[in-house]
């Protein structure tokens with residue numbers, strides 16, 4: 001298995017981590033809040049941006065500039081409009097399917113999206129990634145969303161930029177939503193702001 005001509009990797013997680021790091025390096029917030037994303041990426045990001053990490057299953061680590069707390073994306077522990085830099089990468093597609101011990105709730109993903117929208121400050125940035133393409137539920141693993149479903153679920157947010165990993169694992173930092181329409185399992189990366 002190790003004798004391969006190229007190093008294997010998961011394009012969704014590789015590209016979204018690099019995408020997130022570049023966005024945070026550019027915006028340089030005094031504090032960034034992440035909800036449920038890949039902990040390996042967060043450990044690296046905390047080297048240059050103070051991070052508050054919220055997860056349903058609390059992370060037990062002690063690392064400078066990384067503060068983990070227990071929390072549920074469907075009931076975030078923040079006041080309305082109080083978070084100016086926020087991310088949730090490859091998370092929302094799992095909410096409500098019970099895979100991680102959360103309750104079964106067919107609309108759980110929308111409750112999570114509503115909470116991200118609720119806590120985001122005016123002028124703040126939300127970095128969101130999720131599988132995109134032909135919409136479906138792959139129970140109990142994840143959902144795949146049409147980009148329009150994500151946009152409709154976040155009516156007070158404006159998309160600043162949309163990036164995409166396609167079915168062949170190719171990354172585009174900026175593209176049209178329609179490029180995701182016929183994908184089987186792409187990764188849409190949304191930079192959004194609340195106006």
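Where a number appears in this text, it was derived from the coordinates with a stated rule and is not lab data. No experiment lies behind these values; they were computed from the predicted model shown. As a convention, Cβ positions derive from the backbone with ideal geometry for all residues, glycine included, and neighbour counts pool all protein chains shown.
Residues in the stretch 108-122 near a label at residue 139, defined as backbone nitrogen under 19 Å from the 7 Å Cα→Cβ point?
Only 108-111 pass the distance filter.
Multiply the residue separation of residue 161 and residue 9 by 0.36 nm, subtract the distance between their alpha-carbon atoms, and state the gained length in nm to one decimal.
Working it through step by step, the gained length comes to 52.2 nm.
How many angstrom lie between the Cα centre of the stretch 14-92 and the Cα centre of the stretch 125-163?
For the stretch 14-92 versus the stretch 125-163, the Cα centre distance is 18 Å.
If each residue of separation counts as 0.36 nm, what is the full-extension length gain between residue 99 and residue 62 once their alpha-carbon separation is subtracted?
Computed gain between residue 99 and residue 62 is 10.7 nm.
Answer rounded, prolate or oblate for the stretch 20-61, using the Cα gyration tensor with square roots of eigenvalues a ≥ b ≥ c: rounded when a/c is under 1.5, else prolate when a/b is larger than b/c, else oblate.
prolate
Can you give the extra length, in nm with one decimal, that the chain gains between residue 44 and residue 79 once fully stretched, where that is 0.36 nm per residue apart less the Cα-Cα distance?
Extending this stretch completely gives an extra 9.9 nm.
Rounded to the nearest 5, what % of the DSSP beta bridges within the chain are antiparallel ones?
Working: 23 of 42 bridges.
Percentage antiparallel, nearest 5: 55.
How far apart, in nanometres, would the label points at residue 179 and residue 70 be if each is projected 7 angstrom from Cα along the Cα-to-Cβ direction?
Once both label points are built, they end up 4.2 nm from each other.
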